[in-house]
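Asks: Below is one structure. I have some questions about it.
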Ligand code: TYD
């Protein structure tokens with residue numbers, strides 16, 4: 001049996017990942033491809049509990065290392081409980097954020113360093129990496145504005161535009177380091193144009 005694919009979506013807050021994940025899931029469904037969609041932090045009961053702590057606006061005092069470990073803990077549970085068994089059974093997994101979010105938000109934007117975050121997360125993921133990662137490239141300030149028009153900011157979103165710009169800059173640098181895995185998807189030409197790029201990359205992977 002073939003292993004399933006692990007496909008992750010990354011981007012600044014409000015960058016349109018959710019819409020593209022929905023389109024990809026519908027596309028895979030139409031092709032009869034067995035798959036699940038998950039979000040990080042979250043996806044299973046323990047990780048959703050961790051999510052509610054890590055994104056809670058009341059915890060302004062949260063230490064950066066605590067934050068990194070909480071994201072990693074949520075990920076460790078999701079990987080062992082759902083992602084690994086799914087991939088092993090031939091089911092693909094589409095993940096709204098994965099380990100790159102920690103590299104960028106905690107390692108780069110918070111300044112803990114990508115090396116440290118990678119060391120911790122290699123334990124959490126058992127060295128599992130996505131087969132492909134789509135970075136949704138949209139102006140981070142516009143994305144944040146769009147998000148705030150629709151909902152209240154969570155603890156990370158409340159960091160403001162300078163933080164989101166740093167996150168954006170970090171993703172662009174990371175994509176430059178791993179061009180085979182991380183694909184930059186421009187949001188400038190609209191939803192359909194972005195999805196057609198994503199679809200063509202996934203089609204190539206499915207043919208392997
Ligand atoms: P969420 O509401 O899911 O935001 P989005 O729809 O933009 O993905 O909140 C997740 C927040 O957590 C988001 O601000 C990014 C942040 N985050 C990290 O800082 N590190 C991580 O490892 C992950 C998975 C998310």
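The values are calculated or read from the model by the stated rules, or taken from the named source; none is laboratory data. Quick caveat, the model's predicted, so the values are computed rather than measured. For neighbour counting, all protein chains shown are included, and Cβ atoms are generated from backbone atoms with ideal geometry for every residue, glycine included.
Asks: For the range 35-64, which positions are more than 14 Å from the ligand (Cβ to nearest atom) and touching a strand residue (DSSP E or B) at 6+ places or on another chain (Cβ under 7 Å)?
Replies: 35, 36
Asks: I'm trying to understand the selection: among the residues of the range 179-208, which are closer than 21 Å to residue 140 by Cα, without any contact (Cβ under 8 Å) to a residue 60 or more places away in the chain and surrounded by 12 or more Cβ atoms within 10 Å (Cβ to Cβ)?
Replies: Result: 183, 184, 186, 193, 197.
Asks: Right, here's the next one. Given 139, 154, which one is within 8 Å of the ligand (Cβ to nearest atom), over 16 Å from the mean Cα position of the chain (by Cα) and surrounded by 14 or more Cβ atoms within 10 Å (Cβ to Cβ)?
Replies: Only one candidate qualifies: 154.
Asks: Also, I was wondering about something else. Consider residue 164 against the criteria (1) at pLDDT below 95; (2) near the ligand (Cβ under 10 Å from one of its atoms); (3) surrounded by fewer than 22 Cβ atoms within 10 Å (Cβ to Cβ): it satisfies all of them except one. Which criterion is unmet?
Replies: Result: residue 164 fails condition (3) only.
Asks: Then there is this: Would you call residue 67 near the ligand (Cβ under 10 Å from one of its atoms) and either surrounded by 21 or more Cβ atoms within 10 Å (Cβ to Cβ) or free of Cβ contacts under 8 Å to residues at least 60 places away in the same chain (or both)?
Replies: yes
Asks: Can you tell me which of (1) modelled with pLDDT of 95 or more; (2) part of a loop (DSSP other than H, G, I, E, B); (3) within 14 Å of the ligand (Cβ to nearest atom) is the one residue 117 doesn't meet?
Replies: Unmet condition: (2).
Asks: Is it the case, given these coordinates, that residue 98 is in contact with a strand residue (DSSP E or B) (Cβ under 9 Å, 6 or more places away or on another chain) and within 8 Å of the ligand (Cβ to nearest atom)?
Replies: yes
Asks: I want to confirm something. Restricting to the range 104-114 and keeping residues that are buried (at least 22 other Cβ atoms within 10 Å of the Cβ) and closer than 15 Å to residue 178 by Cβ, which single residue is nearest to the ligand (Cβ to nearest atom)?
Replies: By that ranking, first place goes to 104.
Asks: OK, next. Within the range 1-14, which residues are surrounded by 22 or more Cβ atoms within 10 Å (Cβ to Cβ) and within 11 Å of the chain's Cα centre (by Cα)?
Replies: 7, 8, 9, 10, 11, 12
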